[in-house]
């Protein structure tokens, strides 16, 4: 507690929950605290599988029970409502000078309503474009129209909008967001945890690793199918998955069917454990299904691998692939089993001849210079602080004007 301007962060995701969104907002809360703001976080009780770690000191974190799916995620309209509906009352009972809202737009809409009633600025953190995601899932036309209307309304009501990439910014503008209100800050990874200094993995050996969410828009089954093409050539090599998601059970069934005994599933692990597994891998696997609305995405999985210095195999559209190629972070290929299998063979050769270790420092150095989560959080904190100062000036000016009108009317 600092006694400075009061900032509220409203998000269903926050540490110790393991997700890119949780890491991003955890870093922002600390950056705002370091900037002198009094920070309160209105979030959820974490799932059972979340790491058992203490909340950061200096922050006020208020947690609320929420409905989760079988994987422990707040994912689905009923689950979102179980967070958004109580959030209205929680915000009404909170004192704040600025409020930061994380997606989905349902949360943004709830926050926008209270911010308007309280005449306080809202900063909307647009890590992705929700309408694109709904379209990619094949939602009914009515659902898409409602989500598009809701997202546009949130973008109009936001005092400032935080975008994580130029591609996301372009999509936001296509949804009629005011370009002057958008701050493109980039995305990042915790380079203190994800670094070449990460501990060696618990189980040694040669393996490729996939970490994080396993969803329909990533379709990580393609890595199992590609691995099956070279499994006999390299009987000592394995494939490891860490995380969870909607398609996890399908992945397990596929692995048992085509490469039995060669694919391990480790569940949700701490960031430190994930960094360790990436550190020991021949390559880290990242995918996005092209043509379903996420072609603009640059997954944080890529940044995590780069920060550790492990090469990436990225399968998917050009935005993510171009990043891998330009920064020499590994191999960028089409969403193709054959091309992924060939990339795996190349990385196995580079691991054997020492090329991977020779390039580890360069890759990690690039990540430290370009995608440090602390640096991104500081940029976002600057935007939030400016919004607070502008609002304070505006409200103060309005009060002075009102006071002057009272004096004039009484003369």
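Of all the residues in the range 111-160, those that are in contact (Cβ under 8 Å) with a residue 60 or more places away in the chain, closer than 20 Å to residue 98 by Cα and buried (at least 21 other Cβ atoms within 10 Å of the Cβ) number 7.
Would a scan of the range 234-243 turn up a residue that is touching a helix residue (DSSP H, G or I) at 6+ places or on another chain (Cβ under 7 Å), at pLDDT below 95, surrounded by 17 or more Cβ atoms within 10 Å (Cβ to Cβ) and closer than 20 Å to residue 302 by Cβ? Checked the range 234-243: no residue is touching a helix residue (DSSP H, G or I) at 6+ places or on another chain (Cβ under 7 Å), at pLDDT below 95, surrounded by 17 or more Cβ atoms within 10 Å (Cβ to Cβ) and closer than 20 Å to residue 302 by Cβ. Residues of the range 216-230 that are surrounded by 20 or more Cβ atoms within 10 Å (Cβ to Cβ) and without any contact (Cβ under 8 Å) to a residue 40 or more places away in the chain: 224 alone. Residues that are assigned to a loop (DSSP other than H, G, I, E, B) and under 24 Å from the mean Cα position of the chain (by Cα) within the range 244-265 comprise 244, 245, 246, 247, listed in sequence order. Being crowded, with 24+ Cβ neighbours inside 10 Å, assigned by TED's automatic domain parsing to the domain that holds residue 20 and touching a helix residue (DSSP H, G or I) at 6+ places or on another chain (Cβ under 6 Å) is a property that residue 286 lacks.
Only residues that are part of a helix (DSSP H, G or I), touching a helix residue (DSSP H, G or I) at 6+ places or on another chain (Cβ under 6 Å) and within 13 Å of residue 311 (Cα to Cα): list them for the range 327-360, please. Break it down into steps so the answer makes sense when it comes.
So in the range 327-360, the residues part of a helix (DSSP H, G or I) come out as 337-353, 355-360.
Narrowing further to those that are touching a helix residue (DSSP H, G or I) at 6+ places or on another chain (Cβ under 6 Å): 337, 340-341, 350, 356.
Result: 350, 356.
Restricting 48, 68 to residues that are touching a helix residue (DSSP H, G or I) at 6+ places or on another chain (Cβ under 9 Å) and within 18 Å of residue 16 (Cβ to Cβ) narrows the list to 68. Among the conditions (1) within 17 Å of residue 378 (Cα to Cα); (2) surrounded by fewer than 21 Cβ atoms within 10 Å (Cβ to Cβ), the only one that residue 37 does not satisfy is (2).
When the range 267-278 is filtered for residues that are in a loop (DSSP other than H, G, I, E, B) and crowded, with 17+ Cβ neighbours inside 10 Å, the ones remaining, listed by number, are 268, 269. Kindly provide the set of residues from the range 130-154 that are at pLDDT below 90, farther than 17 Å from residue 75 by Cβ and in contact with a helix residue (DSSP H, G or I) (Cβ under 8 Å, 6 or more places away or on another chain), ordered by number. Answer for the range 130-154, where residues must be at pLDDT below 90, farther than 17 Å from residue 75 by Cβ and in contact with a helix residue (DSSP H, G or I) (Cβ under 8 Å, 6 or more places away or on another chain): just 144.
Between 281, 297, 343, 304, which is in contact with a strand residue (DSSP E or B) (Cβ under 6 Å, 6 or more places away or on another chain), crowded, with 23+ Cβ neighbours inside 10 Å and within 17 Å of residue 218 (Cα to Cα)? It would help to see each step written out before you state the result.
Numbers: 281 fails: within 17 Å of residue 218 (Cα to Cα); 297 fails: in contact with a strand residue (DSSP E or B) (Cβ under 6 Å, 6 or more places away or on another chain); 343 fails: within 17 Å of residue 218 (Cα to Cα).
Step by step, each of 281, 297, 343, 304 is checked, and only 304 is in contact with a strand residue (DSSP E or B) (Cβ under 6 Å, 6 or more places away or on another chain), crowded, with 23+ Cβ neighbours inside 10 Å and within 17 Å of residue 218 (Cα to Cα).
Condition check: outside the structural domain of residue 274 (by TED's automatic domain parsing), closer than 25 Å to residue 76 by Cα and in contact with a helix residue (DSSP H, G or I) (Cβ under 7 Å, 6 or more places away or on another chain). Does residue 157 satisfy that? Explain how you work it out, then say what you get.
Values: outside the structural domain of residue 274 (by TED's automatic domain parsing): yes; closer than 25 Å to residue 76 by Cα: yes; in contact with a helix residue (DSSP H, G or I) (Cβ under 7 Å, 6 or more places away or on another chain): yes.
Here the answer is yes, as residue 157 does meet what is asked.
In the range 307-325, which residues are modelled with pLDDT of 95 or more and surrounded by fewer than 24 Cβ atoms within 10 Å (Cβ to Cβ)? Passing the criteria: 324, 325.
Residues that are free of Cβ contacts under 8 Å to residues at least 60 places away in the same chain and farther than 19 Å from residue 312 by Cα: does the range 267-290 have at least one? No, there is no match, as no residue in the range 267-290 is free of Cβ contacts under 8 Å to residues at least 60 places away in the same chain and farther than 19 Å from residue 312 by Cα. Where strands (runs of 3 or more DSSP E) fall entirely within the range 136-243, those with at least 1 residues that are over 17 Å from the mean Cα position of the chain (by Cα) and farther than 17 Å from residue 255 by Cβ are at 160-163, 182-184, 206-211.
The values are calculated or read from the model by the stated rules, or taken from the named source; none is laboratory data. Everything numeric in this text was worked out from a predicted model, so none of it was measured. Backbone-built Cβ (ideal geometry, glycine too); neighbour counts: all protein chains shown.
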